[in-house]
Amino acid sequence: MARDVANVWWAMFGFSALVLLVVCALWIHAMLRQPREVDAARARRINRNWLVGGGLILPTASILALLAFGVPAGRGMLPLPVPGEQPLRIEITGHQWWWEVRYPDSGVVTANQFILPVDRPLDVVVTSADVVHSFWVPRLGGKLDMIPGRSNTLRLAASETGVMRGQCAEFCGSQHAHMILHVEVLEADAFDRWLAARGSLAHSPAPGAAGQVFDERCGQCHRVAGVSEGTRAPDLSDLASRPTLGAGVIANDAEALRRWLREHQSLKHGNAMPNHDDIPAETLDQLADWLETLAP
Ligand code: HEC
Ligand SMILES: [Cu+2]
């Protein structure tokens, strides 16, 4: 889809460059040539020809040519039925300031990462839980607004495997810039394995004091498959396998998890997770060690 949009852009650019060159050439010609004597009737005819040709026929022809490129490109992004194949449905919800990603057919939920199979049409259904956000993965396609109370669908298909970046493209508050989506296109079988590994997750609670803190506090907001059912915050069931924390604020590793729990409000100021200063540091570290095990 991104390729179609780029082609329309290049076609428009090429054609407008051509028009500019022709206009400049005519202008230079008009400046340089010797004035001629023309009678009034001939002058009127010349004027009329320029008005009709340059003012009506040329723009009409240009716009028709542009439509010939633009309409098929736009249709490709509409969620129209594809013969013989059911597009894979993926639901992405914008939150201040993170992404909730659901694969409804297999019951898989993750956050801040959008994993998709190559060469397969997808319906990306976007909405928002709070303010207007915008879903944008420049290498895959156009932007689409995520509007609270409304679902918009973007038809996408990735033609190559690889890692790319998505970004919220509608200002949504102070941490808008830190709302980055890790996008990864996998081979079909690798994607099926990725999904299957997450469909059957069931973790056991953290041991000791950490388990109690998680149960009383964290689990109210966060879901961990088999442990808690919170829905207000990123699902942590496959946290340790995700590349970043805080929607791209820091790379995810054991040290980063400890750091995030201690100082997430300075790493991502104003984010919707409360400070945990009242929790003893060793309990937070135990929590981080347990979170580090949450992977398929
Ligand atoms: C009031 C709800 C709330 C509570 C309680 C809460 N969190 Fe969070 N947490 C959030 C939100 C919202 C985010 C996403 C912040 C962002 O990126 O903007 C988050 C992010 C995280 C992340 C990073 C996830 C990611 O994928 O980037 C971890 C890890 C985490 N929380 C662990 C915890 C732990 C451990 C506790 C308990 C000590 C806890 N949270 C308590 C709301 C909460
Ligand atoms: Cu935003």
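The values are calculated or read from the model by the stated rules, or taken from the named source; none is laboratory data. Keep in mind that what you see is a predicted model, and the values were worked out from it rather than measured. As a convention, Cβ positions derive from the backbone with ideal geometry for all residues, glycine included, and neighbour counts pool all protein chains shown. Areas reflect the complete protein model, heavy atoms only, side chains present, ligands, DNA and RNA absent. Shrake-Rupley method; radii C 1.70, N 1.55, O 1.52, S 1.80 Å.
Annotation: for a label point projected 7 angstrom from Cα along Cα→Cβ of Ala197, residues of the range 111-143 with backbone N closer than 14 Å are 115-116. In this structure the amide hydrogen of Gly230, modeled in the peptide plane, comes within under 5 Å of the amide hydrogens of His222, Arg223, Val224, none closer than 5 places in sequence on its chain. Within the range 65-97, which residues have the backbone N less than 14 Å from the label spot 7 Å out from Ala17 along Cα→beta-carbon, could you tell me? Taking a point 7 Å out along Cα→Cβ of Ala17, no residue of the range 65-97 has its backbone N under 14 Å. Compared with the dominant principal axis of the Cα atoms in the chain, helix 2-32 is inclined by about 30°. Please determine, in degrees from 0 to 90 and to the nearest 10, the orientation of helix 281-291 with respect to the longest principal axis defined by the Cα atoms of the chain, where the helix direction is its Cα long axis. Taking the Cα atoms of the chain, the angle to 281-291 is about 70 degrees. Largest accessible area first, the listed residues Phe69, Phe15, Phe171 line up as Phe171, Phe69, Phe15 when surface is computed with a 1.4 Å probe on the assembled protein chains. Rolling a 1.4 Å probe over the heavy atoms of the protein chains gives the range 2-76 an accessible area of 84 Å² per residue.
With only Cα atoms counted, the range 88-199 has Rg and Dmax values of 13.1, 39 Å. Loop-located GluC sites (Glu not before Pro) in the range 1-97 (DSSP state other than H, G, I, E, B) with a sparse environment of at most 12 neighbouring Cβ atoms within 10 Å: Glu37.
Using a simple spin-label model with pseudo-atoms 7 Å out from Cα toward Cβ, Asn47 and Ala188 lie 6.7 nm apart. Mean residue ellipticity at 222 nm, helices only, the chain: -11500 deg cm²/dmol; runs of at least 4 DSSP H residues each add -39,500 (n - 2.57), and the sum is divided by the number of residues.
Taking each residue as 0.36 nm, the span from Arg139 to Val118 lengthens on full extension beyond its C-alpha to C-alpha distance by 6.2 nm. Restricting the calculation to Cα atoms, the chain shows an Rg/Rh of 1.21 when the hydrodynamic-style radius is the Kirkwood one. Here the contact order of the chain, divided by its residue count and restricted to Cα pairs under 8 Å and six or more residues apart, works out to 15 percent. May I ask for the angle, rounded to the nearest 10°, between helix 188-199 and the longest principal axis of the chain, with both axes built from Cα atoms and the value confined to 0 to 90°? Between the helix axis and the principal axis of the chain, the angle is about 40 degrees. What number in nm² do you get for the range 149-296 if you take the convex hull of its Cα atoms and divide its surface by four? Mean orientational projected area (the range 149-296, Cα hull): 10.1 nm².
In a DSSP loop and with at most 11 other Cβ atoms within 10 Å, the GluC sites (Glu not before Pro) in the range 150-241 are Glu160. With a 1.4 Å probe and every protein chain kept in, tell me what percent of the accessible surface of the range 88-199 is carbon plus sulfur. Reported share for carbon and sulfur atoms: 49 percent. Can you give the FRET efficiency for Arg232 and Glu282, using 1/(1 + (r/R0)^6), R0 = 25 Å, r = Cβ-Cβ distance, to the nearest 0.05? FRET efficiency, Arg232 to Glu282: 0.40.
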